[in-house]
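*Asks:* Structure provided below as structure tokens; questions to follow.
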């Protein structure tokens, strides 16, 4: 990890510090900067840049969602505007895969022009294959027609980018048919998780927006919570927040397990597990939903 | 006087060697031709990347260089150092930003 992600972390920590002192305007600015940084960092970059940008965005969104209840209505509205403004530039999976396709094509074409072996290319992409790619594969790499390998890479990435543009439920995990050459079989499989990583980020985005909308609603209604998320429409948010992991809206429990409003996505398994969230930001398990626990108001 | 059977055997052996040599040579030629074909690099040429000047990404990288990230991914900064890092990163936020499309990009 380079120092690029820690900068996003520092911006988020700065926002949390301001928030803990109820300096909402300054906190809102820091949250804005953290999210804008996450959007900028990945702009037109390769997969590494995309993942760094996504990590920063997710970090800021989780913090924002957890602290929304502590905010005053004005700060919450201000941050809702920030999320609305940044939404079009936050980046998506299909775009990321297209960018990676161009980056990868450039790297591959240059390496092959320099007569580098495919094994050498795998090593230079630093995806961990050097540990599993043995010398016994050298002949396979040697005799694979390089132009065909190159074209297969471009076609496979194009297909993955198209798949990633589909809603989560209609997406295929991987390609219609595996690539015929060993190089692409290894490389392309790395990109299978890109779409899901973005869907997770999208879910956090929707949850943060919904939590902010609830905070605004609550401050303008003497602390009362909406009975359903549709009560927030259209005054606070234009549409009921959709769950990117399902075909329905995000799920809402006005009094969640900690007597706080809980908004959650069904997560990877596509099933409502009753709002059972993981206590840490690890990979989703088969029996968990995706959400953020709210901190109690000051 | 030569035995006719010996003559036939010698000729057969010579013929076999000849055929084998031709086959080996042919295989070598085929392999060489195939290898030449297989090693042809793609003729795809990307458009040269154009970056904004100044590029906000350069400010991010400069700010990141001020963060001494340890191998265990931890870092420790004084308030003043932290402020300098964030100021440099914010400079980049005010500019058009484009991540590199060359090199490792990370």
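*Asks:* Just to be sure before I move on: is residue A:75 assigned to a helix (DSSP H, G or I) and modelled with pLDDT of 95 or more in the structure I sent?
*Replies:* no
*Asks:* Here's a follow-up. Just name the residue that is farthest from the chain's Cα centre (by Cα) out of those in the range A:15-43 that are within 7 Å of chain B (Cβ to nearest Cβ) and closer than 18 Å to residue B:85 by Cβ.
*Replies:* If we take residues in the range A:15-43 being within 7 Å of chain B (Cβ to nearest Cβ) and closer than 18 Å to residue B:85 by Cβ, then A:33 is farthest from the chain's Cα centre (by Cα).
*Asks:* Counting only residues that are part of a loop (DSSP other than H, G, I, E, B) and more than 9 Å from chain A (Cβ to nearest Cβ), which one in the range B:52-71 is surrounded by the most Cβ atoms within 10 Å (Cβ to Cβ)?
*Replies:* B:55
Yes/no matrix, rows are residues, columns are (1) under 18 Å from residue A:199 (Cβ atoms); (2) modelled with pLDDT under 90; (3) surrounded by 12 or more Cβ atoms within 10 Å (Cβ to Cβ); (4) in contact with a helix residue (DSSP H, G or I) (Cβ under 7 Å, 6 or more places away or on another chain):
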{"site": "A:236", "(1), (2), (3), (4)": "no, no, yes, yes"}
{"site": "A:241", "(1), (2), (3), (4)": "yes, no, yes, yes"}
{"site": "A:250", "(1), (2), (3), (4)": "yes, no, yes, yes"}
{"site": "A:255", "(1), (2), (3), (4)": "no, yes, no, no"}
{"site": "A:265", "(1), (2), (3), (4)": "yes, no, yes, yes"}
{"site": "A:268", "(1), (2), (3), (4)": "yes, yes, yes, yes"}
{"site": "A:279", "(1), (2), (3), (4)": "no, yes, no, no"}
{"site": "A:284", "(1), (2), (3), (4)": "yes, yes, yes, no"}
{"site": "A:292", "(1), (2), (3), (4)": "yes, yes, yes, yes"}
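*Asks:* Go through (1) surrounded by 21 or more Cβ atoms within 10 Å (Cβ to Cβ); (2) under 13 Å from residue A:33 (Cα atoms) for residue A:85 and report which single condition fails.
*Replies:* (1)
*Asks:* Looking at the range B:89-105, is at least one residue more than 11 Å from every other protein chain (Cβ to nearest Cβ) and modelled with pLDDT of 95 or more?
*Replies:* yes
*Asks:* Let me ask another. I need every pair where a residue in the range A:262-277 that is at positive phi has its Cβ under 8 Å from the Cβ of a residue that is in a loop (DSSP other than H, G, I, E, B), sequence separation at least 6 or different chains.
*Replies:* Qualifying pairs under 8 Å: A:267/A:245; A:267/A:273; A:267/A:284; A:267/A:288; A:270/A:245; A:270/A:246; A:275/A:256; A:275/A:257.
*Asks:* Here is a further query. Yes or no: residue B:5 at pLDDT below 90 and outside any loop (DSSP other than H, G, I, E, B)?
*Replies:* Yes: the conditions hold for residue B:5.
*Asks:* Here is a check on your reading of the model: is residue A:85 under 27 Å from the mean Cα position of the chain (by Cα) and in contact (Cβ under 8 Å) with a residue 24 or more places away in the chain?
*Replies:* Judged against the criteria, residue A:85 is not a match.
*Asks:* Now a separate question. Under the condition of being free of Cβ contacts under 8 Å to residues at least 12 places away in the same chain and in a loop (DSSP other than H, G, I, E, B), which residue from the range A:100-131 is farthest from the other protein chains (Cβ to nearest Cβ)?
*Replies:* A:128
*Asks:* Return the only residue of A:61, A:97, A:11, A:51 being under 29 Å from residue A:262 (Cα atoms) and more than 9 Å from chain B (Cβ to nearest Cβ).
*Replies:* A:61
*Asks:* Quick one: residue B:35 ticks every box in (1) facing another protein chain (nearest Cβ under 8 Å); (2) assigned to a loop (DSSP other than H, G, I, E, B); (3) within 30 Å of the chain's Cα centre (by Cα) bar one, so which box is it?
*Replies:* The failed condition is (2).
*Asks:* In addition: Which ones in the range A:152-176 are within 14 Å of another protein chain (Cβ to nearest Cβ) and either surrounded by fewer than 13 Cβ atoms within 10 Å (Cβ to Cβ) or within 21 Å of the chain's Cα centre (by Cα) (or both)? Outline the logic, then answer.
*Replies:* In the first step, residues of the range A:152-176 are kept if they are within 14 Å of another protein chain (Cβ to nearest Cβ); the result is A:152-155, A:157-158.
Result: A:157, A:158.
The values are calculated or read from the model by the stated rules, or taken from the named source; none is laboratory data. Please read all numbers here as calculations on a predicted model, not as lab measurements. Every residue, glycine as well, gets a Cβ built from its backbone with ideal geometry; the counts of neighbours run over all protein chains shown.
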